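A quick write-up on the structure given underneath.
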Amino acid sequence: MSTEQILSSDGIPLEVSLKKAERKNKLKALFLVGPLFLFLIITYVFPIGDMLFRSVDDRMITSKLPNTFAALEKWDGKELPDETVYEAFYNDFYPLAISKESGKLYQRLNYEKSGFSSGLKKTNRKIKKFEKGNYKEQFMETHKIWRNVDYWVALKNTAPKWSYVKYLKGVDLKLDPERNIIQQDEDRRIHKILWLRTLKVAFWVTIFCFILAYPISYLLATLPMKYSNLLMICVLLPFWTSLLVRTSSWMVLLQQQGPINDLIVWLGLAANDARPELMYNVIGTFVAMTQILLPFMVLPLYSVMKTISPSLMRAGKSLGGTPFVAFRKIYFPLTVPGIGAGSLLVFILAIGYYITPALVGGASGSLISNTIAYHMKSSLDWSFAAALGTMLLVGVLTIYWIYNKLVGIDNIKLG
């Protein structure tokens, strides 16, 4: 057997030359993909990492009140703390008041329990006049929060540098003085309602989109090309219009003196002085979101239906099946991948929708995304907004994972 080494045209061994060429191709591919990969890291990975970090970071309070938290470790949380805790708080808070560095502390503790901000501001003004000793009585005379056990409990619960309290708050839970997980007060249980409303709206919008998109997609796939192209333009038309413009148009159509209500009155379905409320509620959210998200259901269904041969339905009918039986047993199962892809896309988009519920939904039609935006822009509780955003992200990824598992099982069965 010959062991003579094969050389390339430039005298380099062929194996070395092939490896060199392959390495060059890999480097070219890396340089082509590199900018996109870097863009994803900067615009996607870093913001998500920062969001996760903010949602559990409580080091600011711990660093500003170290003596207070050390003293609170021995407190049982049942009655007001003793003089030692008040003195420790004085030793921590007095330097902050003198150096005017207590502003962030007001804001952060007020997220934990409403009333902290006003109490700390008043204390900040009066603490410079405190006398040595008898700190408990002086603090209690300064503001009512220092006479309330609940505020000390809230302060103690912020002791860990890394905390999951914001995630508990996102599902209407909190920690008691013994750090047991309990329900929020009844008047503060709003987030479970928002989560359920968000899931309900996303689910029903997905169902409505499917009901409307299936016949449209079928027509697109079966009509002659000149008609299907015209219909496709009508489907894609919303993509060429701003989302804000489309939502504003629905606000005009759905208002009480709008065209839709005028039509309802003209048809005699409602009296002029008893026009139905179609806006600033869940109904308006359903209508506007269904119309806006409809193309995201049509396109996946159309792409699947276009590949189904019409001869399959004719074969089913020729074997004795009625049109309905042929559709149910032949056509519909073949469109299931399109239904799954379209439903997943619409549901994920709907669960995080913000602009349309904010403009059309009002208070009773707002979703969890509107709460996230509120805490980002108005209350400035970014850590809580980050926790809600992380929970929403985990929910979306879970839905996607379940969908992939179900698709994998179906593929195994079909195989």
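Miscellaneous remarks
- Residue match in segment 336-345 (condition: within 24 Å of Val245 (Cβ to Cβ), within 13 Å of the chain's Cα centre (by Cα) and buried (at least 16 other Cβ atoms within 10 Å of the Cβ)): no
- Filter pass, Leu269 being open to solvent by 70 Å² or more (accessible area, probe 1.4 Å), part of a loop (DSSP other than H, G, I, E, B) and farther than 30 Å from Leu109 by Cα: yes
- The helices (runs of 4 or more DSSP H) found wholly in segment 71-154 and carrying at least 3 residues that are closer than 23 Å to Leu173 by Cα and either under 39 Å from the mean Cα position of the chain (by Cα) or modelled with pLDDT of 80 or more (or both) occupy 103-112.
- Test for Ile260: is it open to solvent by 40 Å² or more (accessible area, probe 1.4 Å), assigned to a helix (DSSP H, G or I), under 20 Å from Tyr353 (Cα atoms) and without any contact (Cβ under 8 Å) to a residue 60 or more places away in the chain: no
- Checking each residue in segment 48-58 for being surrounded by 12 or more Cβ atoms within 10 Å (Cβ to Cβ) and not in a loop (DSSP other than H, G, I, E, B) picks out Ile48, Asp50, Met51, Leu52, Phe53, Arg54, Ser55, Val56, Asp57.
- Leading residue by the ranking (nearest to the chain's Cα centre (by Cα)) among those in segment 374-404 that are open to solvent by less than 20 Å² (accessible area, probe 1.4 Å) and either aliphatic (A, V, I, L, M) or farther than 17 Å from Gly49 by Cβ (or both): Leu388
- So Arg188, is it under 30 Å from Ser364 (Cα atoms) and in contact (Cβ under 8 Å) with a residue 40 or more places away in the chain: no
- Within segment 294-314, the set of residues being surrounded by fewer than 17 Cβ atoms within 10 Å (Cβ to Cβ) and either touching a Cys at 6+ places or on another chain (Cβ under 6 Å) or without any contact (Cβ under 8 Å) to a residue 12 or more places away in the chain (or both) comprises Thr307, Ser309, Ser311, Arg314.
- Residue satisfying all of: in segment 197-248; among the aromatic types (Phe, Trp, Tyr) and at pLDDT 85 or above; nearest to Leu392 (Cα to Cα) among these: Phe203
- The set of residues in segment 125-159 being open to solvent by less than 40 Å² (accessible area, probe 1.4 Å), out of contact with any helix residue (DSSP H, G or I) (no Cβ under 6 Å at 6 or more places or on another chain) and closer than 17 Å to Asp82 by Cα consists of Gly133, Gln138, Val149, Trp152, Val153, Leu155.
- All told, Leu243 meets the bar of being surrounded by 13 or more Cβ atoms within 10 Å (Cβ to Cβ) and either in contact with a helix residue (DSSP H, G or I) (Cβ under 9 Å, 6 or more places away or on another chain) or without any contact (Cβ under 8 Å) to a residue 60 or more places away in the chain (or both).
- So Leu168, is it farther than 27 Å from Gly389 by Cβ and either of a type outside the set (Val, Ile, Thr) or part of a loop (DSSP other than H, G, I, E, B) (or both): no
The values are calculated or read from the model by the stated rules, or taken from the named source; none is laboratory data. Treat the numbers as computed from the prediction; the structure is a model and nothing was measured. Backbone-built Cβ (ideal geometry, glycine too); neighbour counts: all protein chains shown. The area values use the complete protein model at the heavy-atom level, side chains included, leaving out ligands, DNA and RNA. Shrake-Rupley method; radii C 1.70, N 1.55, O 1.52, S 1.80 Å.
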